[in-house]
Each structure stands twice: as structure tokens, then as C-alpha cells.
Amino acid sequence: MLNRAFLVLILVTMVLGGRAVAAQVSQRQSPQSASEYIKALEDPERDKWQQPEAVIDSLELRLGDEVVDLGAGSGYFTVRLAQEVGPAGKVYAVDIDPQMLAYIDRRVEEEKLDNVQTILADPHDPKLGSSSVDMIFMCNVLHHISDRDKYYPLLARALRPAGRLVDIDFRPGKLPCGPSVEVKVAKKAVIKEVEPFGFRLVKELDFLKYQYFLIFER
């Protein structure tokens, strides 16, 4: 799915606009580097261009929905999704890094959110049950997934009928934040990639400054 050290370097550069701290956290072996990674993902500066509240509002979630936050990282969107679906709903925070999941577990306990379950995934398998969720949410994640033609069927299987797949990722070209141009996945490529697996684009939003925002339905 991804090389975690490479993912860290990309995401920290994304959040902090390429500042020198990126070089300090290119390895995730030490607790200090994990701490810096979390700090980067939760940097308040990210809110200015990520617009998390507007993103959540646009998802039109219902109380009781069951949602996956795929590549949950520090839980930046996990906690917001959990608040939106309410106590009757469920959010599955999926990541391949146990340190990130441990952080999310502590975070949701502190925030008294009882509707979050962390899942330690395999790089090539999100470890989701068949027809188990209403929506799979991905933000700044898809361009890290390799062998997507094998990964999409696993996402399709996990969704219930009429379930939604949401992809937010960086637009092509040079931007003041985000990964290198070479690893980005263009919007048209995403649409073309997912169609063979039963996904159709039902909504596209354009209010994010640096990212496309696509909503597919199964």
C-alpha cells in the first residue's frame, strides 16, 4: 500500500509547506518522530486550506451512519466524523501504523467518543467486513496506495448497497502544500480507475483550495 517513512515525509511536507521539520521526521522509528508527525497533521495552519468543518458538512452524514476513515493518521477527521454520526453511529479509523491508532484510542477516550473503533490494516487490505459500512472516506491518502486495482474491490465489498466512497486529494501541478507532482493521482484518473469496480461519480465539490473532492456511489 505505501512505504510509511515515505508517507511521513510527504504528509509533513504537505502540512508544513516544506519547512525544515520534514527532514526531521522522515523516519518513524522513534517516539519523537511519531510525535512530530502527529503535530504536523494537527497543525492549526492545516485547517485554513483543509476546511474540515465544510468538508464534514458536505458529506451529509446521518445520525447512525457507519463510516470508515481510511488512512486515519492522527484522527484529524476521525473525531469530526464521530461527532457527526452521533452515539448511534460508528467510525472505523483504519491505518497501518499502530502508533497512530494508539494515539487515536487515547484521543477518543479523552474526548469521550464511544463510537470509534481503530483497525490495524495490512498495506494491501483495509480489513473491513463485507457490506459493513455506509461510507469510506479518504483524505490525502489515495496517492499512497499501490496496486489500486486490487484495493478498490476490497472497498467496494465493504460498502453497503448505495454506499459512498469519498476521495479528497491534491490537484496536479506545483502547490504550496502536498506531495511531489510525480506521485499525485489526477482527478480524471481516479474517476476512470474506480468505474470498473462499480463506482459512479455522483458529486464533485470545488471549494477546497488545493484539492479535488469527489463523492462516488456504489
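The numbers here are math on the coordinates, done by the rules we state, and not lab data. All of these numbers come straight from a predicted model, not from anything done at the bench. Please note: Cβ atoms are built from the backbone with ideal geometry, for glycine as well, and neighbour counts cover all protein chains shown.
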Residue by residue, what Karplus-based ³J(HN,Hα) values in Hz, rounded to whole numbers, does the stretch 78-87 have, using 6.51, -1.76 and 1.60 with θ = phi - 60° and x for Gly and Pro? 3, 5, 5, 5, 4, 5, 6, 7, x, x
Links exceeding 22 Å between C-alpha atoms in this model, out of K150/K187; K112/K203; K90/K209; K90/K192; K39/K150; K174/K203, come to K112/K203; K90/K209; K90/K192; K39/K150; K174/K203
Sorted from fewest to most neighbouring beta carbons within 10 Å, what does the list I191, I168 look like? I191, I168
Classify the stretch 87-168 from the C-alpha gyration tensor, please: rounded if a/c falls under 1.5, else prolate or oblate depending on whether a/b exceeds b/c. oblate
If you take every DSSP beta bridge fully contained in the chain, what fraction is antiparallel? Give it as a percent rounded to 5. 40
Among (1) 19.6, 62; (2) 18.2, 57; (3) 16.1, 46, which one is Rg and Dmax of the Cα atoms in Å computed from these coordinates? (3)
I want the local charge near P161. Using Cβ-Cβ distances under 13 Å, sum +1 for each Lys or Arg and -1 for each Asp or Glu among the other residues. +2
Any idea how far apart S132 and Y210 come out in nm if each label point goes 7 Å out from Cα toward Cβ? 3.3
Using θ = phi - 60° and the Karplus curve 6.51 cos²θ - 1.76 cosθ + 1.60, what whole-Hz ³J(HN,Hα) does each residue of the stretch 94-108 get, with Gly and Pro shown as x? 10, 7, 9, 10, x, 5, 5, 5, 5, 5, 4, 4, 5, 5, 6
